[in-house]
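S.K.: First, the structure itself, so that you have it in front of you.
The values are calculated or read from the model by the stated rules, or taken from the named source; none is laboratory data. Not measured: the values here are computed from a predicted model. Every residue, glycine among them, receives a Cβ derived from its backbone with ideal geometry; neighbour counts consider all protein chains shown. Please note that ligands, DNA and RNA were not included when accessible areas were found on the heavy atoms of the full protein model with its side chains. Shrake-Rupley method; radii C 1.70, N 1.55, O 1.52, S 1.80 Å.
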Amino acid sequence: MKSVTLGFEDDCVTLPIDAILPLRALGKSAKSSRKYRQIVASIAQIGIVEPPVVVRNPDKSATWLLLDGHLRIEALKD
């Protein structure tokens, strides 16, 4: 059987939200979407279930690039 190399670090880290740089901008209607409201309600009720996915910024060691979880990050900012 072939082995598979992990494409990510297996440790979770706690980061300040302002150290996370989104790779794409959200659309104007994103915050009025049903999905966004569901995320906000879920975070308020039980906290983060699935943490956003980030990678170290190769240009600046103090920042991280957001790969997945743009709505979750916006909900946390709000």
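S.K.: Please pick out the residue among Leu66, Leu15 that is open to solvent by less than 40 Å² (accessible area, probe 1.4 Å) and not in a helix (DSSP H, G or I).
M.R.: Checking each option against the conditions leaves just Leu66.
S.K.: Quick check on the stretch 38-63: of everything there that is surrounded by 13 or more Cβ atoms within 10 Å (Cβ to Cβ) and more than 13 Å from Ile20 (Cα to Cα), which residue is modelled with the lowest pLDDT? Step through it out loud before you land on a result.
M.R.: Residues of the stretch 38-63 that are surrounded by 13 or more Cβ atoms within 10 Å (Cβ to Cβ), as a first pass: 39-40, 42-43, 48, 51-57, 63.
Narrowing further to those that are more than 13 Å from Ile20 (Cα to Cα): 39-40, 42-43, 48.
Numbers: Ile39: 96, Val40: 96, Ser42: 96, Ile43: 95, Ile48: 91.
The selected residue is Ile48.
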